[in-house]
1. For region 166-209, give me the residue count where each residue is among the basic types (Lys, Arg) and touching a Ser or Thr at 6+ places or on another chain (Cβ under 8 Å).
2. Can residue 266 be described as exposed (fewer than 12 other Cβ atoms within 10 Å of the Cβ), at pLDDT 95 or above and not in a loop (DSSP other than H, G, I, E, B)?
3. Suppose we filter 148, 168, 198, 174 for residues that are at pLDDT below 95 and farther than 30 Å from residue 292 by Cα; which single one remains?
4. With 226, 256 as the choices, which residue is farther than 24 Å from residue 190 by Cα, of a type outside the set (Phe, Trp, Tyr) and at pLDDT below 95?
5. Given the condition closer than 19 Å to residue 298 by Cα and part of a strand (DSSP E or B), answer yes or no: does some residue in region 141-156 qualify?
6. Checking the condition surrounded by fewer than 12 Cβ atoms within 10 Å (Cβ to Cβ) and on the phi < 0 side of the Ramachandran plot, which residue from 228, 261 passes?
7. Confirm whether residue 151 is in contact with a helix residue (DSSP H, G or I) (Cβ under 8 Å, 6 or more places away or on another chain), hydrophobic (A, V, I, L, M, F, W, C) and touching a residue at least 24 places away in the same chain (Cβ under 8 Å).
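The values are calculated or read from the model by the stated rules, or taken from the named source; none is laboratory data. Because the structure is a prediction, the values reported are computed rather than measured. Cβ atoms come from the backbone with ideal geometry, glycine included; neighbour counts cover every protein chain shown.
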Amino acid sequence: MTERPEGAPAQPQPQDQPSATPPGPPGQPGPAHPAQPQPVAQPQTPTQAQLPASPSAYPYPNPQSPAGFGPPAASLPTQHHPYGQPQPGGYPPVGYPTAPAAPGSGGAGRAVLWAVLGAVLASAAWAGGVFLLGRDDEADLRGYEAKSELCREVEHSSFDDEYPEEDSSPVNQSLEHEALDQSYCSLSLKKSSTSTLSDAYFSVELELHKKTDPGPEFTARWAEYDQRYDDYEVERVSGFGDEAYLVTEDTTSGGDSSGSRSATLAVRDGWVTYEMSWSAYASSYDDDAASLPEVAEVTDWLKTDTTATLENLKEIDGV
């Protein structure tokens, strides 16, 4: 053991670990209890200490980093949007493309999804409606057939007693189309062969409506026929098809030598319309209006001959 000279400072005792408090000046006693050793801070690399966090397209917290752990993310300086709109927090930085929104996400995505779904439903409804309408609106022709020579099928024997002279030149007209078939017959009625002019006029018309239901328009035309002329009277009659109207007119008065009389029986049977008409003028009877047949008498003739003619116009194997 070596003795230190008198007055020389005491040598510091070696310590196993550095003290948290610096030693005092020479000759000062140390602390009664040495401080506990503190952990040494790890030096930070420039990348961790200085560089901001890289932007991410995922806008939610990292599910692998529980909230409250780890150093707080450094705030990014505000970036100026290329179109003049500042973005909060500087995200996304200028030059970085934004991640596209997932299909169906967000208000715009849901709107597109609903629009597509609505279009699909509307198309299905439209197709179903067309299919149903095509079935419900099938032409109901009741077995009738339009004839090119309609006068051959027309029954007018009820008029033969009044007009025995047969017309040698009847008029036949016909039309055939995917939407409408039409037949027309016109006869000149005469009391005798010596007549230079027709004593009365007789006609029949048949129409087969193959695309549209003629019911509403038929009713409007014939049920309200007297709205067009004050001299006409309209009467609905039964026993003919779905509906039938008798339209008559008489402008004669007693023994006057002027005026006319007419009568028409209009029938609708399904999508088939039919008309039989008669008309006569007082001047054709040597100015004797009293020689014209009465309207009531003619209407009976029309009903009888219409029943027979409609039967003739049906196909042999028709309904």
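1. Just the residues of region 166-209 that are among the basic types (Lys, Arg), to begin with: 190-191.
Checking the rest, the ones that are also touching a Ser or Thr at 6+ places or on another chain (Cβ under 8 Å) come to 190.
Total meeting the criteria: 1.
2. Numbers: exposed (fewer than 12 other Cβ atoms within 10 Å of the Cβ): no; at pLDDT 95 or above: yes; not in a loop (DSSP other than H, G, I, E, B): yes.
Taking the combined requirement at face value, the residue does not satisfy it.
3. Working: 168 fails: farther than 30 Å from residue 292 by Cα; 198 fails: farther than 30 Å from residue 292 by Cα; 174 fails: at pLDDT below 95.
After applying the criteria, what remains is 148.
4. Only one candidate qualifies: 226.
5. Residues of region 141-156 that are closer than 19 Å to residue 298 by Cα, as a first pass: 154-156.
If we keep only those that are part of a strand (DSSP E or B) as well, we get none.
No: region 141-156 contains no residue that is closer than 19 Å to residue 298 by Cα and part of a strand (DSSP E or B).
6. Numbers: 261 fails: surrounded by fewer than 12 Cβ atoms within 10 Å (Cβ to Cβ).
Only one candidate qualifies: 228.
7. Working: in contact with a helix residue (DSSP H, G or I) (Cβ under 8 Å, 6 or more places away or on another chain): no; hydrophobic (A, V, I, L, M, F, W, C): yes; touching a residue at least 24 places away in the same chain (Cβ under 8 Å): yes.
Criteria not met by residue 151.
Residues checked against (1) under 47 Å from the mean Cα position of the chain (by Cα); (2) in a loop (DSSP other than H, G, I, E, B):
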{"position": "211", "(1), (2)": "yes, yes"}
{"position": "217", "(1), (2)": "yes, no"}
{"position": "226", "(1), (2)": "yes, no"}
{"position": "236", "(1), (2)": "yes, no"}
{"position": "240", "(1), (2)": "yes, yes"}
{"position": "249", "(1), (2)": "yes, no"}
{"position": "252", "(1), (2)": "no, yes"}
{"position": "261", "(1), (2)": "no, no"}
